[in-house]
Amino acid sequence: MAAHWLGLTVEGVEWDGDAYLTREKAGLLTRHKDVRKLGPQDFPDADFRILAGGPPCQTYTIAGTGAGRRALDDVLKFVKRMASGNESLESIRESLRSLNDERTGLVLEPLRWALDAHRQGRPYDAIVLEQVPAVLPVWEAYKEALDGIGYKTADPRVLHTEEYGVPQTRRRAILIARRDYVPSFPQATHYRYRKGVPCPEPESELAFGPGHEPTRHWVSMGSALKRNEAFVVRSNYGTGGDPKARGERASTEPAFTVTGKVSRNRLMIDGTDCGRFEDWEAGRLQTFPRDFPWAGSAVAQQIGNAIPPRLAAHVLAAVLGWKLKSEQFDAAVEARWTESRDTKPLMPPAAG
């Protein structure tokens, strides 16, 4: 979606049947395949090539079983083994089969693609990867491996989505690299949310110097959903694992991290349980257009699995060296998907 907003031609690889149906319905070019059975040689066309991906996060995330976090040391060793070039891919894959959850090893697939492209003499021009914060050490190991084959990789970092206009407090570990120069991370455009701390007044543009934007108020759920009535969202998750200690956020605040269990959160108005968010509302909290054509089943899981398109667009634009204004991102998020698909890019690169 972010690539589409920026006017880039993109072809995705998606194994999950439901997510594939959604991408097809949205008109996004997709191969319904397992990434382990494809490689850079299967995508020969393009003048400027970007490898972008978000491997499954369930085994690493706090909300999951934690198999990936327990296997983190093993994964870091796999990165070094792959980068050394001293072992065959099949030998490494045989070792990966020892992991308790096969999704854990999928975090290594982008590195395989990058290494294969390098060995084939047609390396990617840029690489953009995202995952949950627990994977930051893996991205740091990736940096060493990528720098070893000629990339210039920025120090991986964790970005806060509400600092980029996403009405949700979600954190993501991001890796960005280019062949020709060290790319810069996007400048935050909104204040970070802190529970119980009022948002400061926006700074003046002069405070940031030429070419920078003033910091804006973080975006609330009520504003994103355009709901006039005040409401409270009661989280499905209990603090410290206690189901009685469920967190709450008011409509004047950003949402909790939207997970695949977002449909279990409760919407309270004047103390009355008014049900749950509709799929389109959960999608809006991720910055999908209101009319985005979700398809298949498990829509809430698809929404929770996604990276917010608005954050992804910020990161992609920064990697490309494009200077975009917040108003351009606003326009992309607010536009109807059915109309934007057949028009020119909503956010052409600004001059300079």
Going by the structure shown, is ARG172 under 18 Å from LEU38 (Cβ atoms) and either charged (D, E, K, R) or assigned to a helix (DSSP H, G or I) (or both)? no
What is the one condition in (1) modelled with pLDDT under 95; (2) buried (at least 23 other Cβ atoms within 10 Å of the Cβ) that ARG112 does not satisfy? (2)
For the range 19-35, pairs from a residue that is free of Cβ contacts under 8 Å to residues at least 60 places away in the same chain and assigned to a strand (DSSP E or B) to a residue that is buried (at least 19 other Cβ atoms within 10 Å of the Cβ) and of a type in the set (Ser, Thr, Tyr), with Cβ under 8 Å and 6 or more apart or across chains, are THR30/TYR20
Would you mention how many residues in the range 175-205 are in a strand (DSSP E or B) and at pLDDT 95 or above? 4
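The values are calculated or read from the model by the stated rules, or taken from the named source; none is laboratory data. None of these values were measured; they are calculated from a predicted model. Neighbour counts run over all protein chains shown; Cβ positions are idealised from the backbone, glycine included.
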